[in-house]
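The values are calculated or read from the model by the stated rules, or taken from the named source; none is laboratory data. Only a predicted model underlies this, so the values are computations on that prediction, with no experimental measurement involved. A quick note on method: Cβ atoms are made from the backbone with ideal geometry, for glycine too, and the neighbour counts reach across all protein chains shown.
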């Protein structure tokens, strides 16, 4: 009786392992496909059955998008734009969220609860619902095709403020008071004590803000028409339209667009996962 | 402090009020005539328009067809991963990795996989034993809908798995250990202990994935650009974009935004109600 039960549980155990491994293979296969296909000439990619190991390295795939269809190297400019926009948004989000979150966590002032709840309320407004009016604001100020137009709507975000506040509430007041007694200015306290002590939250938030903008298609689609101001997602949509018959080059573009994120992911995977996990501790 | 609040009022509260205000006008970007106040005419137009109903239906089909599998599989993955003694980290990273790619990249990869000569046909025909059949991934009305769901499922299932794992780790081990000593089987343990205690996370994941699906845009946009039929996958955000940018009908697009906002607000309120009523205490 006992051995039968144990045999059964070993069997179930093996089934679970098999399920997890098969699922992992299926989830990773499209990513592997992207990398291998980017190295193959187009005629090899759509050959049946697909050969997972490229016979060589088709450098042309990467050279075509980098050079650009008009030899203007516009893709490089678009990559730079993505870095500038995502970097700027990450920086301002972290700074302004940390400042506001710190104020909400540690200062007493009139209307603090109203401020906090109104910030929480904005978390319920999806960007898709306000993008048309935002677009009107940007066009009224003639900020289309500019970094300002791409960046402004994302300078602060409610989730960032919420995250920083939650992180800083348990921070001991004694340390802050001690610094004040020692004559530290308020900004000095923020820069020397609060920021260094909230690095995990700051890293989580910075990565979240950076990749959200790196991924953003809809907003740049609204406010950018000029080739020089396009970001990577816009370049990819244009490229897939023009070069849909060259699958190898398409995947090369996808690889170039993904490498910065994948490097960041492998270097700092902890903060990617914590960005997702934050939600489940979101109470009250 | 003050600058942050200032940005908030300009970039969050003002636009939603403005969206509603604009939705009451007939406003055209290209026309030189001043916008004309028409009350709720934009809304009556929308709800009489087959095109908008089609968008609502496409969004609903996509949302239900995506969030249910995401919910089931992310829960399953999380429970299974959590039950392993080794390689937990590896599986978490592997399942999460598609979420790292941008949605445009994800759509581009799958567009090639869905090519008639691509991997999707090879896999499905290999499994079903039907060599040489083209399943028309980006052509057929219903299959094109399923294709967009596959992309989204693939990209986000790992993300929600991580949330479930975080939720699972807050449940004290002692409870299920006590139950095991009392003779509960692993299945009973899961069904009567883990699942009820996990309810707040389940509610959170359901609502979050639904909200996420309601906002879907990139996959549908790229697929239609790549030649897929528009009608089956013309989700609300895609319709808003077309109405505002291609047709320059700002008032009508704003009305659509308000409808979308209303649906999402309703879901968020449901979540608040549900999570308020079952705060778990150990």
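Points worth noting:
- Sole residue being under 28 Å from residue A:156 (Cβ atoms), modelled with pLDDT of 75 or more and surrounded by 13 or more Cβ atoms within 10 Å (Cβ to Cβ), chosen from B:58, B:19: B:19
- Within the range A:226-261, the set of residues being under 17 Å from the mean Cα position of the chain (by Cα) and either modelled with pLDDT under 85 or surrounded by fewer than 15 Cβ atoms within 10 Å (Cβ to Cβ) (or both) comprises A:259 only.
- Options B:78, B:106; residue that is crowded, with 24+ Cβ neighbours inside 10 Å and more than 21 Å from residue A:30 (Cβ to Cβ): B:78
- Scope the range B:121-149; condition within 19 Å of residue A:32 (Cα to Cα) and buried (at least 22 other Cβ atoms within 10 Å of the Cβ); matching residues: B:121
- Matching option when the condition is in contact (Cβ under 8 Å) with a residue 12 or more places away in the chain and loosely packed, with under 13 Cβ neighbours inside 10 Å, among A:10, A:53: A:53
- Residue in the range B:22-32 that is in contact (Cβ under 8 Å) with a residue 12 or more places away in the chain, out of contact with any strand residue (DSSP E or B) (no Cβ under 9 Å at 6 or more places or on another chain) and either surrounded by 16 or more Cβ atoms within 10 Å (Cβ to Cβ) or assigned to a helix (DSSP H, G or I) (or both) present: yes
- Screening the range B:93-191 for helices (runs of 4 or more DSSP H) wholly inside it with 2 or more residues that are under 19 Å from residue B:235 (Cβ atoms) returns the ranges B:103-113, B:141-169.
- Restricting the range B:33-45 to residues that are more than 14 Å from every other protein chain (Cβ to nearest Cβ) and touching a residue at least 24 places away in the same chain (Cβ under 8 Å), the residue that is surrounded by the most Cβ atoms within 10 Å (Cβ to Cβ) is B:43.
- Residue check for residue B:216: facing chain A (nearest Cβ under 10 Å), within 24 Å of residue B:101 (Cβ to Cβ) and under 16 Å from the mean Cα position of the chain (by Cα): yes
- Helices (runs of 4 or more DSSP H) lying entirely in the range A:175-284 (those with 2 or more residues that are away from every other protein chain (no Cβ under 14 Å)): A:186-189, A:199-215
- Some residue of the range B:107-129 being facing chain A (nearest Cβ under 8 Å) and over 28 Å from the mean Cα position of the chain (by Cα): yes
- Where residue B:172 falls short, out of the listed (1) surrounded by 14 or more Cβ atoms within 10 Å (Cβ to Cβ); (2) touching a residue at least 24 places away in the same chain (Cβ under 8 Å): (1)
- When A:107, A:117 are checked against the criterion of being more than 11 Å from every other protein chain (Cβ to nearest Cβ), surrounded by fewer than 16 Cβ atoms within 10 Å (Cβ to Cβ) and closer than 30 Å to residue A:173 by Cβ, A:117 stands alone in meeting it.
- Within the range B:268-282, the set of residues being within 12 Å of chain A (Cβ to nearest Cβ), out of contact with any helix residue (DSSP H, G or I) (no Cβ under 8 Å at 6 or more places or on another chain) and modelled with pLDDT under 80 comprises B:272, B:276, B:281.
- Counted residues, the range B:242-267 - those being more than 7 Å from chain A (Cβ to nearest Cβ), assigned to a helix (DSSP H, G or I) and free of Cβ contacts under 8 Å to residues at least 60 places away in the same chain: 6
- On inspection, residue A:130 fails the criterion of being farther than 22 Å from residue A:245 by Cβ, surrounded by fewer than 18 Cβ atoms within 10 Å (Cβ to Cβ) and at pLDDT 85 or above.
- For residue A:17, the stated conditions hold: it is within 11 Å of another protein chain (Cβ to nearest Cβ), at pLDDT 90 or above and more than 23 Å from the chain's Cα centre (by Cα).
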